[in-house]
1. Just need the Rg to Rh number for the range 62-148, please, alpha carbons only, Kirkwood Rh.
2. Any idea what the relative contact order of the chain is, in percent, if you count C-alpha pairs under 8 Å spaced at least 6 apart?
3. Can you give the convex hull volume of the alpha carbon atoms of the range 39-103 per residue, in Å³?
4. Through the Karplus equation 6.51 cos²θ - 1.76 cosθ + 1.60, θ set to phi - 60°, convert the phi angles of the range 68-82 into ³J(HN,Hα) values in whole Hz; use x for Gly and Pro.
5. Given Cβ point charges of +1 (Lys, Arg) and -1 (Asp, Glu) and nothing else, what value in debye, to the nearest 20, does the dipole of the chain about its Cα centre take?
6. Calculate I(q)/I(0) for the chain by the Debye formula, one identical point scatterer on each C-alpha and no solvent, and give its log10 at q = 0.21 Å⁻¹ to two decimals.
7. With axes computed from alpha carbons, what is the tilt in degrees of helix 32-47 against the longest principal axis of the chain, rounded to the nearest 10 within 0 to 90?
8. Normalised by the residues of the range 60-118, what does the relative contact order come to in percent, with Cα pairs under 8 Å and at least six apart?
Amino acid sequence: MEGLQLLTLKCKKFARACGISEDKINNIEPTAGCLAMISFHWHIALGRTWQEYVAASVVGNESMEVGIMGRILPSLYNYYGYKKGSSEIEFFEEHYLADQEHGNRGITALAEYTHERELQEKCLEVVRNAVKIRWLFLDELLHGIKTN
């Protein structure tokens with residue numbers, strides 16, 4: 001099974017555990033923030049250097065997951081009663097561990113292969129933009145939760 005399909009299945013499993021109906025899960029439309037984040041990463045992947053893509057995707061996006069999941073997981077255990085290793089929350093547990101490793105690898109690769117000042121500046125720019133877009137995406141999700 002491909003990575004995106006597996007990720008989707010894990011997210012759907014968590015949504016079901018939260019009581020979201022199968023119909024709503026299968027018919028949900030991506031939010032504008034989600035589409036913006038996807039478009040941004042495709043733009044970088046197709047039109048920039050591999051270093052800029054690693055900076056945007058791994059450093060600017062995946063590295064943020066570590067802090068986010070580090071706050072979410074204790075809440076899932078302590079307040080919502082999920083057990084460590086529970087299949088409903090495997091997405092969160094896997095990302096907490098994997099994104100630590102991915103973030104470290106990305107930073108190491110950039111340090112080793114990004115020596116030119118101009119390329120370093122471009123990498124910093126895409127990281128800033130990736131973080132802004134991620135923030136907008138998460139803010140949009142929070143707003144949606146509060147209004148639904």
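Only the coordinates and a few stated rules stand behind these numbers; no lab work does. Because the structure is predicted, anything quoted here is derived from the model rather than measured. Cβ coordinates were reconstructed from backbone atoms using ideal geometry, including for glycine residues, and neighbour counts include every protein chain displayed.
1. 1.08
2. Values: 102 pairs, mean separation 53.2, N = 148.
Computed over the chain, the figure is 36 percent.
3. 88
4. Those phi angles translate into 5, 5, x, 8, 6, 4, x, 5, 5, 6, 7, 9, 10, x, 6 Hz.
5. Numbers: 16 positive and 20 negative charges, 83 e Å.
For this selection, approximately 400 debye.
6. Treating every Cα as an identical point scatterer, log10 I(q)/I(0) equals -1.46.
7. Value to nearest ten degrees: 30.
8. 45
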